[in-house]
1. Identify the residues of segment 115-147 with backbone N under 19 Å of a label point that sits 7 angstrom from the Cα of residue 175 along the Cα-to-Cβ direction, or state none.
2. Rg(Cα) of segment 64-156 divided by 2.2 N^0.38 Å?
3. Once both labels are modelled 7 Å past Cα along the beta-carbon direction, what's the residue 209-residue 117 spacing in nm?
4. Using Cβ contacts closer than 10 Å as the measure, can you line up 11, 143 from fewest to most?
5. Normalised by the empirical 2.2 N^0.38 Å for globular proteins, what value does the Cα Rg of segment 7-161 take?
6. Express in whole angstrom the spacing between the alpha-carbon centres of segment 205-229 and segment 79-109.
7. Considering every pair of different Cα atoms, what Kirkwood radius, in Å, is found for segment 63-118?
8. Sticking with the crude label model, points 7 Å out along Cα→Cβ, report the distance from residue 45 to residue 98 in nm, one decimal please.
């Protein structure tokens with residue numbers, strides 16, 4: 001992504017105001033180098049030289065992902081350059097995501113790229129267990145702490161004169177602690193139920209199905225948001241079960257079984 005925290009641009013502060021344009025120029029240049037095309041740069045003596053990459057990469061094209069916090073312009077720009085897309089559900093609903101993915105694939109088509117080759121990946125906070133209430137008990141405190149840290153980071157970004165995630169500008173004020181706790185409670189309940197892979201294999205498989213209906217290609221599981229190492233390790237076998245349940249092989253078996261049942265029903 002182009003970035004949003006002004007403090008991250010201390011080495012090149014002049015790029016902050018033009019970070020979106022600079023990002024896509026930089027991607028194009030890296031892709032040219034990857035393909036073996038030379039790039040002209042100025043050396044230490046002020047003379048232009050031609051630079052190329054050696055040895056040549058094995059893959060003919062560099063697989064590229066553009067990260068978006070949900071701004072539709074980023075979805076469209078990623079499609080325009082033929083990049084893949086990484087996003088999340090913080091700050092956007094499934095219906096909004098579905099529309100943005102459609103805009104992404106339309107942009108690929110308009111710029112000569114196959115719309116189906118472009119991969120949309122959604123990052124999901126993930127913790128899966130056997131019992132839904134037990135999962136909720138384990139993840140609530142660390143996840144709320146994770147959210148609180150994110151909110152405070154954005155407050156500092158706004159106070160430093162920059163944007164917050166997604167490129168938005170907000171008023172420079174701190175959220176009082178009491179209001180923060182209420183905000184965390186509401187956000188956690190919404191996120192736990194509608195925007196994460198926090199639950200059992202069955203509840204998370206239903207969430208993956210909703211993502212698939214939005215035309216999402218892939219889920220990236222974020223597991224290090226605060227639960228203990230012991231809890232995370234105990235959760236991984238359930239994550240693997242979800243992977244097996246949602247994998248292409250599982251879908252192929254389900255479709256084959258359905259076709260077999262249909263054939264048998266015809267006698």
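Values in this text are rule-based calculations from the coordinates and carry no lab data. None of these values were measured; they are calculated from a predicted model. Positions of Cβ are backbone-derived with ideal geometry, glycine not excepted, and every protein chain shown enters the neighbour counts.
1. Of the residues in segment 115-147, 125, 139-147 have backbone N under 19 Å from the label point off residue 175.
2. 1.34
3. 3.3
4. 11, 143
5. Cα-based Rg divided by the globular estimate yields 1.35.
6. Going from one Cα centre to the other spans 16 Å.
7. 10.9
8. Here the answer is 6.3 nm between the modelled labels.
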